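Note sheet for the following structure.
The values are calculated or read from the model by the stated rules, or taken from the named source; none is laboratory data. As the structure is a computational prediction, the values presented were derived from the model and not from experiment. Cβ sites come from the backbone with ideal geometry, for glycine too, and all protein chains shown count toward neighbours.
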Amino acid sequence: MKNLVLGIDIGTTGVKAIIVGRDGSIVWESFRACELFSKKVGFSEEDPNIWWESTCSILRELCTTEYKDRISAIGLTGMVPTLILVDEKGNLLRNSIQQNDARAVEEIKHIKRIIDEDEYFSFTGNTINQQIIPPKYLWLKKHEPENLKKTRYIMGSYDFISFKLTGIPHVELNWALESGLWMVREKRWYKKILNIAEIPEYLLPSVYEPVKIVGETSKILPGIPVIAGSADHIASALGMGIKEEGDLLLKIGGAGDILFAVNSLKMDKRLFLDYHDIPEKFILNGCMASSGSIVKWFRNNFTNNLDFSRLDKLAEKSRVGAKGLVMLPYFLGEKTPIFDPVARGVILGLGLHHKMGDIFRAILESVAFGFRHHIDVIESLGFPVKRVLISNGGARSSLWREIVINVIGMDATYIKNYPGSSLGVAFLAGMACGLFKDWAEIGLFLKDFQLLKYDIEKYKVYSKYYEIYKELYPALKPFYEKIYEIEKGD
C-alpha cells in the first residue's frame, strides 16, 4: 500500500529526507552533510554533485527499509535562488552560486545604471540586489564565458536534483519569482531584464507550480511521481502551519528568514516576495544573509571549537545588551531590508572588560535585532503581527529563543523537534497524490510545542540598544564603500 510520502531538503549544511504518513507521523529520517565554500570575500558556493550523491545515498538507504514500496510521491525543496549551470544531459558545469553570494557588486551597479528600478520592481516584485540571477549571470559572462558556452539550462538547487531524478528540466515557481527574471502578476519571463542581463530565454526551463507532478523517478526506486516542490523557506512556513494573514515565522538557520503570510499581493522594496504554497496567497519574505553562520564562524575561529551549549552558558553570564556591545550581523553583506552587498559585520563598544561570552551574546542579539527590523517594516505596511512562531537549528538554544522574544517584545510558539522544510514539501507531495485532502491537515504534525512569554522589562532595555542598532548602519555606510573600493582588487 502506497500510503507514505518522501520529502527531501537540499539545505546549506546537508541533504535531509523524511517520510511521513497520513496520520501526522514521521516514520523515517536520514541526513547527509555538505559544505559551503567561500574562497574569496563575498563568495558563497556549494558542489551540487555532492547533493546528488547524498540524495542517491539516501534513496539507497531507503531501499533497505520496510518503507521502500509504500512511497506514493516525492517532494523536493531547497535554497533559492541558487544558480546552477548544467549542460544538455544535466551534467554540472561549475559549483553552484548560492543565494547569499555577494560577488556581483559591479554587475549590480551596471544593471542599476541601465534599468528603471521602479518599473522593474513593479513587474517583478524584486529590487536589483545580490540575490537575484541577472548580476550573477553577468559576472559569469565576464569571468567564466567558457562555462556559459557549454550551458543548456540554468536552474536552482532542488530543480537540479529533480532533473537528475526524472530527466525533465524545469524550475519551480518561486525559483522563477526570486530569480528576478519573472513577472509576478503575468507569470512569465520578463524579456526586458533578460535582454539587459544577456540571458537567452532558451536557458530557462519550463516553470511548474509546487504541487505539479514533473515526472517519475528513473533510477533507484523507479516509477515514483516527483512534484516540482518548493523553496525551502516557503515549505518551512507551510510545515509550521503559517497559513493565515498575520502569521509570522522567524527561522534561525545559517541565514535568518522572516516569513509573513498575506492574502493578497503586496510588494515592498525592503522585502522579498514569494508565492505561498497555498494557492492565491503570498509570503512577504525577509532574509538576512547570515545568522547561524556567524555563530559557527565565531566558534570555529575564536573558541577552540567549544560546544554551542558551553558558549550559551558563557553568554548567560553576560547581561541584556552584552555589557554594552551592539553588533551588525552583515558578514556576507546584507539582503533585506537594506540590500547592501558591501556591508560588513561590526561590533561596537568593545573594551578590555569584555569576555568571550559577551561577544557571543552580542552575536545572538544582533540576529534578534535584525528580526525586529523586519517586523518594523511589515508593520509599517499596515499588517499587524497576530502570531509568531520560531524554528530551525538556532532555535534549539533556549537562550537565543529568549533573546529573540525579548528583543521583538512578542510572545511566540516554538515547535520542538521540527524537521524543517522537508516536512512542508512532503506534505505538498501528499496533497499532490491525494494522501492529504486539506491544507489544515498540516496541523496533524504540529504536536510538540512550547509557548514562550517575553519579559517586558528586558524588552524595554533591548529597545534602547535597538535604537543604536538602527542608527549604526547608516552611519557606517560611507566607510563600507571606501573599504570595498580598497579591497575589490584582491
Restricting the search to region 314-335, which residues are buried (at least 17 other Cβ atoms within 10 Å of the Cβ) and either basic (Lys, Arg) or more than 22 Å from Gly409 (Cβ to Cβ) (or both)? Leu314, Lys323, Tyr330, Phe331, Leu332, Gly333, Glu334, Lys335
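For every residue, the table says whether it meets (1) of a type in the set (D, E, K, R); (2) modelled with pLDDT under 95.
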position: Arg396; (1), (2): yes, yes
position: Leu399; (1), (2): no, no
position: Thr413; (1), (2): no, no
position: Asn417; (1), (2): no, yes
position: Gly420; (1), (2): no, yes
position: Val425; (1), (2): no, no
position: Gly430; (1), (2): no, no
position: Gly434; (1), (2): no, no
Identify the residue in region 254-287 that is assigned to a strand (DSSP E or B) and charged (D, E, K, R) and, among all such residues, is surrounded by the most Cβ atoms within 10 Å (Cβ to Cβ). Asp257
Among the residues in region 134-157, are any closer than 30 Å to Gly21 by Cα and of a type outside the set (A, V, I, L, M)? yes
Pick out the one residue from Val211, Val207, Val171 that is under 12 Å from Leu428 (Cβ atoms), of a type in the set (A, V, I, L, M) and not in a helix (DSSP H, G or I). Val211
In region 167-188, which residue that is charged (D, E, K, R) and surrounded by 16 or more Cβ atoms within 10 Å (Cβ to Cβ) is nearest to Tyr120 (Cα to Cα)? Glu178
Residue by residue through region 128-159, note down the ones that are within 22 Å of Lys187 (Cα to Cα), within 17 Å of the chain's Cα centre (by Cα) and not small (Gly, Ala, Ser). Asn129, Gln131, Ile132, Ile133, Met155, Tyr158, Asp159
So how many residues does region 112-166 have that are surrounded by 17 or more Cβ atoms within 10 Å (Cβ to Cβ), of a type in the set (Val, Ile, Thr) and under 30 Å from Lys266 (Cβ atoms)? 7
What are the residues in region 442-461 that are in contact with a helix residue (DSSP H, G or I) (Cβ under 6 Å, 6 or more places away or on another chain) and either loosely packed, with under 12 Cβ neighbours inside 10 Å or of a type in the set (A, V, I, L, M) (or both), if any? Ile442, Leu452
In this structure, is Tyr158 more than 18 Å from His110 (Cβ to Cβ) and assigned to a helix (DSSP H, G or I)? yes
Within region 314-326, is there a residue that is in a strand (DSSP E or B) and at pLDDT 95 or above? yes
Where in region 329-440 are there helices (runs of 4 or more DSSP H), lying fully within it, with 3 or more residues that are more than 23 Å from Ile10 (Cβ to Cβ) and among the charged types (D, E, K, R)? 356-380
If you check Lys251, Lys219, Lys191, which single one turns out to be more than 19 Å from Pro279 (Cα to Cα), surrounded by fewer than 17 Cβ atoms within 10 Å (Cβ to Cβ) and touching a residue at least 40 places away in the same chain (Cβ under 8 Å)? Lys219
Which of the numbered conditions does Leu311 fail, given that it passes all the others? Conditions: (1) touching a Ser or Thr at 6+ places or on another chain (Cβ under 9 Å); (2) outside any helix (DSSP H, G or I). (2)
Check Ala176 against each of (1) aliphatic (A, V, I, L, M); (2) closer than 28 Å to Glu107 by Cβ; (3) touching a helix residue (DSSP H, G or I) at 6+ places or on another chain (Cβ under 9 Å) and name the one condition it does not meet. (3)
Restricting region 374-390 to residues that are crowded, with 17+ Cβ neighbours inside 10 Å and out of contact with any helix residue (DSSP H, G or I) (no Cβ under 7 Å at 6 or more places or on another chain), which is farthest from Ala412 (Cα to Cα)? Val377
Please enumerate the residues belonging to region 292-306 that are at pLDDT 95 or above and assigned to a loop (DSSP other than H, G, I, E, B). Thr303, Leu306
Every residue from region 98-114 that is in contact with a Phe, Trp or Tyr (Cβ under 8 Å, 6 or more places away or on another chain) and closer than 23 Å to Val15 by Cα: Asp101
Could you check region 1-111 for strands (runs of 3 or more DSSP E) lying wholly inside it with 1 or more residues that are closer than 30 Å to Ile196 by Cβ and touching a residue at least 40 places away in the same chain (Cβ under 8 Å)? 4-10, 71-78, 84-86
Please pick out the residue among Arg372, Arg401, Arg387 that is of a type in the set (Lys, Arg) and in contact with an Asp or Glu (Cβ under 9 Å, 6 or more places away or on another chain). Arg387
